[in-house]
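The values are calculated or read from the model by the stated rules, or taken from the named source; none is laboratory data. Keep in mind it's a predicted model, so treat the numbers as computed, not measured. We place every Cβ from the backbone using ideal geometry, glycine too, and count neighbours over all the protein chains shown. In case anyone asks, the SASA skips ligands and DNA or RNA and just uses the protein heavy atoms, side chains included. Shrake-Rupley method; radii C 1.70, N 1.55, O 1.52, S 1.80 Å.
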Amino acid sequence: IKNKGWWKNMVFYQIYPRSFMDANNDGLGDLEGITSKLEHFVDAGIGGIWLSPIYASPMVDAGYDISDFKEIYDKFGTMEDFVELTRRAKELGLKVLLDLVPNHTSDKHVWFQKSLTNDKQYRDYYIWRDGKKVDGEIEKPPNNWLSVFGGPGWTYHNDSEQWYFHQFAPEQPDLNYTNPNVVKEMRDVVEFWLDKGVDGFRVDAVPHIFESNHFEDEPLSNIPGVTENEYDYLEHIYTKDDIRTYHLIQSFRNFLDEYANSTDTDEKIMMTEAYTSLNNTISFYDYGSHVPFNFKFIRDVDRNSGPDRFKLTIDTWLNSLSEDNIANWVMGNHDNSRTATRYPGRADQMTMLAMILPGVAVTYNGEEIGMLDNFNISFAQSDDPQGCNLGEDHYLEKSRDPARTPFQWDDTVNGGFNTGNETWLPVHENYVSLNLANQKTSTVSHYKIYQALTSLKKNSPVLEQGSTKTIVLNNNKVLAVIRDHREEQVMLLINFDDSVEQIVDLSEQIANNNTLLSVAVASSDSAVEAGITLDPTAVGLPAK
Ligand code: TEU
């Protein structure tokens, strides 16, 4: 395969198209907006972009409910706009990945519409079951399976007197992957976009693709305080992590490889989204995923975790990899609270970790400037079904909207996202000071640090090929990450203490005869002058 491994030391960036840049001022981001901002990625040191779904959709789940896999959502633009976006991206040397959503379609997809009419071919594209008759009278769902967004995983269809299954919203019916035609359809979708020149895919909701063919009731999780409508009320042993998922992923991988070979184009890659156990995540490497998303910085550590917890989290991940697996570090995405909100005052440290650790780093749009969640969203303004399902009093507890508000480009109206029309979610009011333009002119800013780190990552053989060691120093106040390669070292020091400075003695850590290339030090967002000392020369001690 041509240019195999181009992605192995790359920074990837997730674009949330609705919120990135609104070129036509209709309140919703669009492809033309993205194209107009492609230079930003070059400036930020990003190698590849992944676009959250841009396909035709009724937008019940922000585009993860697709009504036509081969059309562009009209408010995002046209196929010509997409072709232009990729053309310009290639010109700038950027790789382009799309979101592949194989688990389900929109209920408005023609396949489901035909399925509803009992069409011979399409009925079996989805998962239809008879309900349970109670006292011979009231129809109940076939079993107790729940939807990730809360409530039953089954919806009744009056005309055909059967229930269909949906892991997510009722408007997102699950495809039936035991039907080979469905697999073939999805392969056609992949091929369609590869023919348009995309470099790979982020594959959505992978552990949810298969369900047990026996439709057993799931056991109760017995987690205290969880109510019976909540997804966590059950243990999902029959609807998640099915072994057949891995074989499907392997078949996608084979297809990508065959495609790259037969067209003599660069390697095509796959990133897989799976919130699952460490073992299951690592298994995706064995079944062909190039980048099985590592969500450990989202799920396993938080603002209260000390250096020892971080060390454990990093080491456990790295030690699970076999030699040819490439590590990856995801800091945030559109489903989770933003990094700067989850790690108050430590956004820069998290950026440094992602960039100094080996392998692929994944940035969610806005994280390069330390954007914060916007909780100032009324129920009426809310969009996310996961939040709205909880009703007016509780929607913010699970809503993903706060992490999805428009990108803050500058201090003009709406943060420069558009030219003043109302935006689909409100722009965070802090945009007046927290914006890209501002951070570009400051000598020290989240963005400047981000840039320095991506540049170091790209240009340093140590970071690309070096070994990795983590050390807890100063009585569990400081975490050191040391990358070592031949005669060179890069060391990252993070002071976890919010108020007390740490003097770090590094004499033991610096290998004899080695040149210490750089030391990145940061104790809080305000102490970043020291963190920026990423000069390609040895930097003195002690740490600030
Ligand atoms: O998310 C898959 C998934 O499992 C989510 O339910 C996730 O755990 C949850 O949102 C955390 O709050 C993917 C997409 O990333 C998400 O945006 C979609 O809603 C979902 O699939 C359905 O397509």
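Out of the residues in segment 300-338 that are assigned to a helix (DSSP H, G or I) and basic (Lys, Arg), which is most open to solvent (accessible area, probe 1.4 Å)?
ARG309
Scanning for something β-branched (Val, Ile, Thr) and surrounded by 20 or more Cβ atoms within 10 Å (Cβ to Cβ), does segment 233-241 turn up at least one residue?
Yes, because at least one residue in segment 233-241 is β-branched (Val, Ile, Thr) and surrounded by 20 or more Cβ atoms within 10 Å (Cβ to Cβ).
Taking THR227 as the residue in question, decide whether it is more than 20 Å from PRO358 (Cβ to Cβ), touching an Asp or Glu at 6+ places or on another chain (Cβ under 6 Å) and either part of a loop (DSSP other than H, G, I, E, B) or in the same structural domain as ALA480 (by TED's automatic domain parsing) (or both). Quick ask: steps written out before the conclusion?
Numbers: more than 20 Å from PRO358 (Cβ to Cβ): yes; touching an Asp or Glu at 6+ places or on another chain (Cβ under 6 Å): no; either part of a loop (DSSP other than H, G, I, E, B) or in the same structural domain as ALA480 (by TED's automatic domain parsing) (or both): yes.
For THR227, the condition - more than 20 Å from PRO358 (Cβ to Cβ), touching an Asp or Glu at 6+ places or on another chain (Cβ under 6 Å) and either part of a loop (DSSP other than H, G, I, E, B) or in the same structural domain as ALA480 (by TED's automatic domain parsing) (or both) - is not met.
Does GLU211 satisfy being modelled with pLDDT of 95 or more, over 20 Å from PRO292 (Cα atoms) and in contact with a Phe, Trp or Tyr (Cβ under 8 Å, 6 or more places away or on another chain)?
yes
Out of the residues in segment 279-298 meeting the condition of being within 16 Å of the ligand (Cβ to nearest atom) and part of a helix (DSSP H, G or I), tell me which one is surrounded by the most Cβ atoms within 10 Å (Cβ to Cβ).
So, considering only residues that are within 16 Å of the ligand (Cβ to nearest atom) and part of a helix (DSSP H, G or I), the one surrounded by the most Cβ atoms within 10 Å (Cβ to Cβ) is PHE284.
Can you spot a residue in segment 306-320 that is within 16 Å of the ligand (Cβ to nearest atom) and more than 22 Å from LYS4 (Cβ to Cβ)?
no
Please list, ordered by first then second residue, the pairs with beta carbon atoms under 8 Å, 6 or more apart or interchain, first in segment 142-158 and within 22 Å of LYS114 (Cα to Cα), second of a type in the set (Val, Ile, Thr) and within 12 Å of the ligand (Cβ to nearest atom).
The qualifying pairs are GLY153/THR239.
Looking only at segment 152-178, count every residue that is open to solvent by less than 10 Å² (accessible area, probe 1.4 Å) and closer than 30 Å to THR263 by Cα and tell me the total.
The total comes to 1.
Pairs only if they're at least six apart or on different chains, beta carbon under 7 angstrom, first in segment 365-390 and in a helix (DSSP H, G or I), second of a type in the set (D, E, K, R) and open to solvent by less than 20 Å² (accessible area, probe 1.4 Å); list them, first residue then second.
GLU367/ARG338; PRO385/ASP61; GLY387/ASP401
Let me confirm something: among ASP30, ASP26, which residue is open to solvent by less than 10 Å² (accessible area, probe 1.4 Å), away from the ligand (no atom under 16 Å from the Cβ) and more than 23 Å from TYR126 (Cα to Cα)?
Values: ASP26 fails: open to solvent by less than 10 Å² (accessible area, probe 1.4 Å).
Result: ASP30 is the single residue among ASP30, ASP26 that is open to solvent by less than 10 Å² (accessible area, probe 1.4 Å), away from the ligand (no atom under 16 Å from the Cβ) and more than 23 Å from TYR126 (Cα to Cα).
Between a first residue in segment 224-235 that is of a type in the set (A, V, I, L, M, F, W, C) and a second residue that is open to solvent by 80 Å² or more (accessible area, probe 1.4 Å), which pairs have beta carbons less than 8 Å apart while being 6 or more apart in sequence or on different chains?
From segment 224-235, the pairs are VAL226/ASP232; LEU234/LEU220.
Being surrounded by 15 or more Cβ atoms within 10 Å (Cβ to Cβ), more than 14 Å from ASN176 (Cα to Cα) and of a type in the set (A, V, I, L, M, F, W, C) is the filter here; which residues of segment 105-125 pass it?
LEU116
Picking from SER67, SER115, which residue would you name as being in contact with a strand residue (DSSP E or B) (Cβ under 6 Å, 6 or more places away or on another chain) and not assigned by TED's automatic domain parsing to the domain that holds ILE46?
Of SER67, SER115, the one residue that is in contact with a strand residue (DSSP E or B) (Cβ under 6 Å, 6 or more places away or on another chain) and not assigned by TED's automatic domain parsing to the domain that holds ILE46 is SER115.
In the list VAL189, VAL148, which residue meets the criterion of being more than 30 Å from GLY33 (Cα to Cα), out of contact with any Gly (no Cβ under 7 Å at 6 or more places or on another chain) and open to solvent by less than 40 Å² (accessible area, probe 1.4 Å)?
VAL148
Counting only residues that are within 16 Å of the ligand (Cβ to nearest atom) and either assigned by TED's automatic domain parsing to the domain that holds PHE82 or more than 19 Å from SER57 (Cα to Cα) (or both), how many does segment 170-196 have?
Filtering segment 170-196 down to residues within 16 Å of the ligand (Cβ to nearest atom) leaves 170-175, 177, 186, 189.
Filter once more, so that each one left must be either assigned by TED's automatic domain parsing to the domain that holds PHE82 or more than 19 Å from SER57 (Cα to Cα) (or both): 177, 186, 189.
Residues flagged as within 16 Å of the ligand (Cβ to nearest atom) and either assigned by TED's automatic domain parsing to the domain that holds PHE82 or more than 19 Å from SER57 (Cα to Cα) (or both) within segment 170-196 amount to 3.
Considering only segment 411-423, I want to know if a residue exists there that is of a type outside the set (Ser, Thr, Tyr), within 30 Å of ASP497 (Cβ to Cβ) and either within 17 Å of the chain's Cα centre (by Cα) or in a loop (DSSP other than H, G, I, E, B) (or both).
Within segment 411-423, not a single residue is of a type outside the set (Ser, Thr, Tyr), within 30 Å of ASP497 (Cβ to Cβ) and either within 17 Å of the chain's Cα centre (by Cα) or in a loop (DSSP other than H, G, I, E, B) (or both).
Out of LEU92, LEU98, LEU51, LEU85, report the one residue that is at pLDDT 95 or above, open to solvent by 10 Å² or more (accessible area, probe 1.4 Å) and either touching a Cys at 6+ places or on another chain (Cβ under 9 Å) or over 19 Å from ASN435 (Cα atoms) (or both).
LEU92
When only residues in segment 197-230 that are in contact with a helix residue (DSSP H, G or I) (Cβ under 8 Å, 6 or more places away or on another chain) and hydroxyl-bearing (Ser, Thr, Tyr) count, which is nearest to the ligand (Cβ to nearest atom)? Spell out how you get there, then give the answer.
The initial filter retains those residues of segment 197-230 that are in contact with a helix residue (DSSP H, G or I) (Cβ under 8 Å, 6 or more places away or on another chain), namely 197-198, 200-201, 203, 206-207, 209-210, 220-221, 223, 226-227.
Next, only the ones that are hydroxyl-bearing (Ser, Thr, Tyr) stay: 221, 227.
Details: SER221: 15, THR227: 17 Å.
Checked segment 197-230; the qualifying residue nearest to the ligand (Cβ to nearest atom) is SER221.
Of the residues that make up segment 375-385, is at least one buried (at least 21 other Cβ atoms within 10 Å of the Cβ) and small (Gly, Ala, Ser)? Spell out the reasoning first.
Step one: of segment 375-385, the residues buried (at least 21 other Cβ atoms within 10 Å of the Cβ) are 377, 384-385.
Add one more test, that the residue is small (Gly, Ala, Ser), and what stays is none.
Within segment 375-385 (the criterion being buried (at least 21 other Cβ atoms within 10 Å of the Cβ) and small (Gly, Ala, Ser)), the answer is no, since none of the residues qualifies.
Can we say ASP401 is within 16 Å of the ligand (Cβ to nearest atom), under 21 Å from GLY29 (Cβ atoms), of a type in the set (D, E, K, R) and open to solvent by less than 10 Å² (accessible area, probe 1.4 Å)?
Numbers: within 16 Å of the ligand (Cβ to nearest atom): yes; under 21 Å from GLY29 (Cβ atoms): yes; of a type in the set (D, E, K, R): yes; open to solvent by less than 10 Å² (accessible area, probe 1.4 Å): yes.
Yes: the conditions hold for ASP401.
Considering (1) assigned to a helix (DSSP H, G or I); (2) in contact (Cβ under 8 Å) with a residue 12 or more places away in the chain; (3) of a type in the set (Lys, Arg), say which one LYS75 fails and leave the rest.
(1)
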